[in-house]
Amino acid sequence: MTETVIDLKNADLTLGSAAASVHVLKGIDLTIKAGEAVGIIGPSGSGKSTLLMVLAGLERLDSGEIFIKGEPLHSFSEDVLAEFRGRNIGIVFQSFHLIANMTALENVAVPLELAGNSEAFDIARRELTAVGLGERLNHYPGQLSGGEQQRVAIARALAPSPALLIADEPTGNLDTETGRQIADLLFAKQAERGTTLLLVTHDNSLAARCSRQIRVRSGEIVEDSADRPIGQAVPA
């Protein structure tokens with residue numbers, strides 16, 4: 001039986017307060033199995049990125065439950081949650097989020113080192129080489145192109161061998177050709193390692209490369225290709 005990696009139950013979240021409050025997630029239920037590649041799509045303000053941040057353990061629910069690999073993230077303390085996230089969840093952001101005064105090698109190795117991995121720099125070298133940056137280990141982010149910076153971010157996300165890889169608009173800051181190369185890399189690594197991939201994108205063609213597509217609108221899941229006949233896509 002395929003392991004359940006994500007089990008989200010009646011997830012509810014409001015951001016802001018008083019007149020400025022926004023009901024972002026409205027009682028969402030979602031189950032994702034190990035090895036799935038899931039594209040989450042929807043208009044701006046639909047709640048798709050907030051949903052991803054909840055699944056990454058970066059945003060707390062107001063109510064509901066979230067289990068990752070059977071572990072109850074909703075009941076973890078901040079310290080336990082951070083430690084769990086570091087071991088089990090890799091995150092790739094649209095804006096790379098690299099540390100400017102660290103080399104590519106340090107950007108990948110330091111999070112591993114802080115987590116107590118004695119082989120941090122060896123793993124970082126291997127991961128950077130695997131994404132095509134073996135000759136750029138000692139370059140700083142400012143010396144790298146946008147595509148190269150995103151490759152560093154992917155190497156950093158994959159370095160702990162996470163069960164879950166989360167990517168929030170990973171091609172959003174890149175030109176079309178570079179974005180295609182980064183997408184190719186993400187899907188290749190996901191397939192190679194059998195990692196569960198969650199990809200938020202506004203690009204329907206990119207989402208269509210996933211084995212499953214979920215459409216979010218006004219804080220609710222309104223379409224899920226898992227509920228449709230095989231080969232029938234989520235409508236645009």
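Taking the stretch 53-124, which trypsin sites (Lys or Arg not before Pro) meet the DSSP loop condition and have no more than 14 other C-beta atoms within 10 Å?
Sites meeting the loop and neighbour criteria: ARG60.
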Using the C-alpha gyration tensor of the stretch 1-44, what are the square roots of 5 times its eigenvalues, in whole angstrom, with the largest one first? 28, 13, 6
Taking the alpha-carbon set of the chain, what are its Rg and Dmax in Å? 17.6, 53
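Divide by every residue of the chain the summed helix terms, -39500 (n - 2.57) for each DSSP H run of at least 4, and state the resulting mean residue ellipticity at 222 nm, rounded to the nearest 500 deg cm²/dmol.
-9500 deg cm²/dmol
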Please list HIS139, HIS97 from largest to smallest accessible area, probe radius 1.4 Å, with all protein chains kept in place. HIS97, HIS139
Taking the alpha-carbon distance from LYS26 and a cut-off under 30 Å, which lysines remain once sequence neighbours fewer than 8 residues away in the same chain are dropped? LYS9, LYS48, LYS69
In the stretch 14-107, chymotrypsin sites (Phe, Trp or Tyr not before Pro) in a DSSP loop with at most 11 other beta-carbon atoms within 10 Å: none
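Roughly what % antiparallel, to the nearest 5, for the DSSP beta bridges in the chain? Walk me through the numbers on the way to the answer.
Details: 19 of 36 bridges.
Restricted to the chain, the bridges split so that about 55 percent are antiparallel.
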Please compute the per residue accessible area over the chain with all protein chains in place, 1.4 Å probe, rounded to a whole number of Å². 47
Please state the charge dipole magnitude for the stretch 153-210, taken about the Cα centre, from unit charges on C-beta atoms (+1 on K and R, -1 on D and E), reported in debye and rounded to the nearest 20. 260
Write down the Å³ per residue value for the convex hull defined by the alpha carbon atoms of the stretch 70-131. 124
Cα-based Rg of the stretch 67-187 normalised by 2.2 N^0.38 Å, two decimals: 1.06
To the nearest 20 debye, what is the magnitude of the charge dipole of the stretch 137-236 about its Cα centre, counting +1 on the Cβ of each Lys and Arg and -1 on the Cβ of each Asp and Glu? 240
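Using a 1.4 Å probe over the heavy atoms of the protein chains, calculate the carbon and sulfur portion of the accessible area of the stretch 1-123 as a whole percent.
Carbon plus sulfur share of accessible area: 51 percent.
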Protection proxy ranking, peptides 150-163, 100-113, 7-20, average beta carbon neighbours within 10 Å, highest first: 150-163, 100-113, 7-20
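The values are calculated or read from the model by the stated rules, or taken from the named source; none is laboratory data. If you're wondering where the values come from, they're calculated on a predicted model, not measured in any experiment. With ideal geometry, Cβ positions are generated from the backbone for all residues, glycine too; neighbour counts draw on all protein chains shown. Protein only, heavy atoms only, side chains kept; ligands, DNA and RNA dropped before computing areas. Shrake-Rupley method; radii C 1.70, N 1.55, O 1.52, S 1.80 Å.
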